[in-house]
Amino acid sequence: DNLVMNFILIKFLQLSFRQVILKRNIFISILIGSVMTLILPYVLDMGFFTIIYKFLTAIFMVAVLKRYNSFKQYLKYLLFFVMYTFIMGGAMLGLIGLLKIDYSFNGVILYNFEFPISIFIIIFGATIWLLKKMAIALKEQVRSANYLCEITLIDKDKKVTATGFMDSGNKVERNG
């Protein structure tokens with residue numbers, strides 16, 4: 001779960017700031033987040049220190065992503081990273097609640113089997129990606145439909161009606 005969520009958060013940063021982040025830096029950041037998460041169960045009952053620990057994790061993860069031009073730029077990346085963390089967490093809980101799926105601290109529960117939330121996220125992301133591809137294909141079909149017309153080919157006594165594509169070729173005619 002942690003690997004997938006950290007990767008998505010970093011991709012959101014890339015999209016937000018339209019910055020290319022080296023794959024090596026993304027890997028190091030995700031690795032830091034995952035290692036820090038392995039230690040998290042041992043500090044989970046320490047109240048306020050848990051919040052500080054999570055925030056320090058975010059500080060380190062964002063710090064290794066790129067060479068920042070200024071401290072202000074770094075803070076902006078950190079703020080967006082933390083903001084996306086809350087938004088993604090809330091969106092996932094909202095979606096799980098909307099779909100009335102049982103969940104626990106570790107994942108979603110389907111048919112009395114507990115799946116990591118990241119599998120749910122990957123399936124949801126793949127569905128969104130597929131819908132986007134279908135929308136683009138449909139948009140392309142609609143755009144090209146303006147150049148489609150019904151044609152009738154006549155050869156002596158034989159008639160065939162079909163759909164033709166109008167292009168800017170030589171002597172293209174329509175309605176005559």
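No value in this document is a laboratory result; all are computed from the given coordinates. No experiment lies behind these values; they were computed from the predicted model shown. Cβ: placed from backbone, ideal geometry, glycine included. Neighbour counts: every protein chain shown.
What's the ranking of 132-138, 27-33 by average number of surrounding C-beta atoms within 10 Å, highest first?
Top to bottom by mean Cβ count within 10 Å: 27-33, 132-138.
Highest mean first, what order results for 154-166, 49-61 on Cβ atoms within 10 Å?
Final packing ranking: 49-61, 154-166.
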(message) Among the listed pairs Lys11/Lys66; Lys76/Lys132; Lys23/Lys66; Lys54/Lys76; Lys100/Lys132, which have their C-alpha atoms separated by more than 20 angstrom in this model?
(response) Lys76/Lys132; Lys100/Lys132
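Could you work out the local net charge near Leu22, counting Lys and Arg as +1, Asp and Glu as -1, over the other residues with Cβ closer than 11 Å to its Cβ?
Combined, the nearby Lys, Arg, Asp and Glu give +4.
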(request) Lys and Arg at +1, Asp and Glu at -1: add these up for the other residues within a Cβ distance under 13 Å of Tyr84 and post the number. (result) +2
(request) Pull out the extension gain between Ala91 and Asn25, defined as 0.36 nm times the separation in residues minus the alpha carbon to alpha carbon distance; nm, one decimal. (result) 21.1 nm
(request) With label points built 7 Å along Cα→Cβ from the Cα atoms of Lys100 and Leu15, find their separation and express it in nm. (result) 3.0 nm
(message) Once you place label points 7 Å from the Cα toward the Cβ at Ile39 and Lys133, how far apart are they in nm?
(response) 4.1 nm
(request) Sort region 25-75 into rounded, prolate or oblate with this rule: let a ≥ b ≥ c be the square roots of the eigenvalues of the Cα gyration tensor; rounded if a/c is under 1.5, and if a/c is not under 1.5, prolate when a/b is larger than b/c, oblate otherwise. (result) oblate
(message) Charges at C-beta only: +1 for Lys and Arg, -1 for Asp and Glu. How large is the resulting dipole of region 1-69 about its Cα centre, in Debye rounded to 20?
(response) 460 debye
(message) Students often check this: by mean Cβ neighbours within 10 Å, which of 38-47, 65-74, 2-11 ranks highest, and how do the rest follow?
(response) 2-11, 65-74, 38-47
(message) Need one number: nm distance between label points at Met46 and Leu3, each 7 Å from Cα along Cα→Cβ, rounded to one decimal.
(response) 2.7 nm
